[in-house]
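These notes are about the structure you will find just below.
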Amino acid sequence: MKIILVGFMGVGKTTIGQQLATQMDEPFIDLDARIAEHIGQTTAEFFNHAGEARFRAVEFTLLAEVLDQDAFILSTGGGVLEQAESQALIQNSDAHVIWLDSTFANNVSRLLGTDAADRPLLLNNNIVALEALWHHRQTAFAAVANEHIVTDFKTPAQISAEITTKIQQDSVLAFERSQIDALDNEILQALTARMAVVNRIGEIKAQHKLPIVQNGRMTTAKADIMTRFGPTLPAKLITEYLQLVTRTAIEHQQNMPQFGMR
Ligand SMILES: Nc1ncnc2c1ncn2[C@@H]1O[C@H](COP(=O)(O)OP(=O)(O)OP(=O)(O)O)[C@@H](O)[C@H]1O
Ligand SMILES: O=C(O)C1=C[C@@H](O)[C@@H](O)[C@H](O)C1
Ligand SMILES: [Mg+2]
């Protein structure tokens with residue numbers, strides 16, 4: 001299982017990530033904790049002393065390492081999408097990207113129950129700046145997420161259960177979509193074979209100086225197809241399909257060099 005939790009600082013990514021990992025028996029990784037371990041100081045110390053740009057560079061490198069793993073429940077830091085390269089990594093990964101969201105007010109009230117020293121952006125910004133940052137980041141979270149989970153007034157257990165249900169729905173959908181892709185492939189292969197036949201018919205018509213359009217044949221073919229597929233397909237689909245393939249065939253034959261010479 002590959003899950004990436006994104007969302008504003010304090011929304012509950014670490015709490016929910018830990019819970020999901022225990023329930024699913026998958027490895028839990030907290031990106032902030034991994035950064036702290038890598039640099040040997042707290043993320044807040046590093047962020048304040050080295051600056052945000054260096055923090056984001058380390059965050060990007062460690063994010064790339066995690067996303068290379070076969071399985072993970074990853075809780076990211078609230079600003080992980082600030083760096084375009086990190087955003088692209090998350091957007092292009094095959095993990096379920098889940099956006100944990102809440103109103104700004106509820107987010108702040110959760111933050112108030114935590115140690116502000118762990119969150120430099122909380123110490124370095126007043127509430128107006130923090131709200132502007134929250135609005136700015138909503139757009140980025142929406143852009144990368146496959147699932148949007150509203151966490152207001154829900155317990156961590158309820159949120160984890162909601163995520164598990166959505167992921168199960170996603171995998172059923174993914175299976176059905178793969179069936180659709182396989183059928184589209186078969187249909188297009190059949191159309192490719194059909195075009196080859198159209199080409200051979202064009203050669204015969206050119207050789208025997210027969211007209212390209214033969215209305216009688218088209219009417220009979222349509223009636224026959226309607227009888228066979230009318231019960232299972234909408235009439236509009238059959239009509240439009242026949243119009244499209246017939247027009248394509250006629251245009252193809254009209255453009256054949258053998259007809260140009262006549
Ligand atoms: N659903 C919830 N309801 C109430 N409180 C919650 C909920 N989820 C998390 N919390 C509390 O909110 C605080 C922040 O949670 P957490 O550390 O998991 O957030 P985070 O998204 O990982 O933050 P950061 O981006 O700073 O790493 C914690 O005190 C946690 O216990
Ligand atoms: O919102 C942010 O930009 C941050 C959130 C924390 O999780 C840490 O990743 C760091 O303090 C930056
Ligand atoms: Mg966290």
Inset, instruction - Kindly indicate the residue of the stretch 68-82 that is within 12 Å of ligand 2 (Cβ to nearest atom) and out of contact with any Asp or Glu (no Cβ under 7 Å at 6 or more places or on another chain) and also nearest to residue 143 (Cα to Cα) among those meeting that condition. - result: 81
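Of everything in the stretch 7-28, what is more than 11 Å from ligand 3 (Cβ to nearest atom) and in contact with a Leu (Cβ under 7 Å, 6 or more places away or on another chain)? Give them in sequence order. Show your work before the answer.
First, pick out the residues of the stretch 7-28 that are more than 11 Å from ligand 3 (Cβ to nearest atom): 19-28.
Answer for the stretch 7-28, where residues must be more than 11 Å from ligand 3 (Cβ to nearest atom) and in contact with a Leu (Cβ under 7 Å, 6 or more places away or on another chain): there is none.
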Inset, instruction - Would you tally the residues in the stretch 101-116 being out of contact with any helix residue (DSSP H, G or I) (no Cβ under 6 Å at 6 or more places or on another chain) and either modelled with pLDDT of 95 or more or more than 14 Å from ligand 3 (Cβ to nearest atom) (or both)? - result: 8
Legend entry - Hits in the stretch 78-100 (condition: within 16 Å of ligand 3 (Cβ to nearest atom) and assigned to a helix (DSSP H, G or I)): 80, 81, 82, 86, 90
Inset, instruction - State whether one or more residues within the stretch 90-97 are modelled with pLDDT of 95 or more, under 27 Å from residue 41 (Cα atoms) and assigned by TED's automatic domain parsing to the domain that holds residue 35. - result: yes
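Here is a yes/no grid of residues against (1) of a type in the set (Gly, Ala, Ser); (2) touching a residue at least 24 places away in the same chain (Cβ under 8 Å):
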site	(1), (2)
171	yes, no
174	yes, no
186	no, no
193	yes, no
198	no, yes
206	yes, yes
Legend entry - Residue that is least open to solvent (accessible area, probe 1.4 Å), among those in the stretch 185-210 that are within 14 Å of residue 252 (Cα to Cα) and of a type outside the set (A, V, I, L, M): 202
Inset, instruction - Look at residue 159 and say whether it is open to solvent by 70 Å² or more (accessible area, probe 1.4 Å), in a helix (DSSP H, G or I) and under 30 Å from residue 94 (Cβ atoms). - result: no
Inset, instruction - Check off (1) more than 10 Å from ligand 2 (Cβ to nearest atom); (2) at pLDDT 95 or above for residue 45 and give me the number that stays unchecked. - result: (2)
Inset, instruction - Could you tell me which residue of the stretch 22-77 is nearest to the chain's Cα centre (by Cα), considering only residues that are acidic (Asp, Glu) and in a helix (DSSP H, G or I)? - result: 65
Inset, instruction - State which residue is surrounded by the fewest Cβ atoms within 10 Å (Cβ to Cβ) when the search covers only the stretch 43-61 and only residues that are away from ligand 3 (no atom under 14 Å from the Cβ) and aliphatic (A, V, I, L, M). - result: 53
Legend entry - The one condition in (1) within 14 Å of ligand 2 (Cβ to nearest atom); (2) over 15 Å from residue 142 (Cβ atoms) that residue 65 fails to fulfil: (1)
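The values are calculated or read from the model by the stated rules, or taken from the named source; none is laboratory data. None of the values given here were measured: they were computed from a predicted structure. We place every Cβ from the backbone using ideal geometry, glycine too, and count neighbours over all the protein chains shown. The area values use the complete protein model at the heavy-atom level, side chains included, leaving out ligands, DNA and RNA. Shrake-Rupley method; radii C 1.70, N 1.55, O 1.52, S 1.80 Å.
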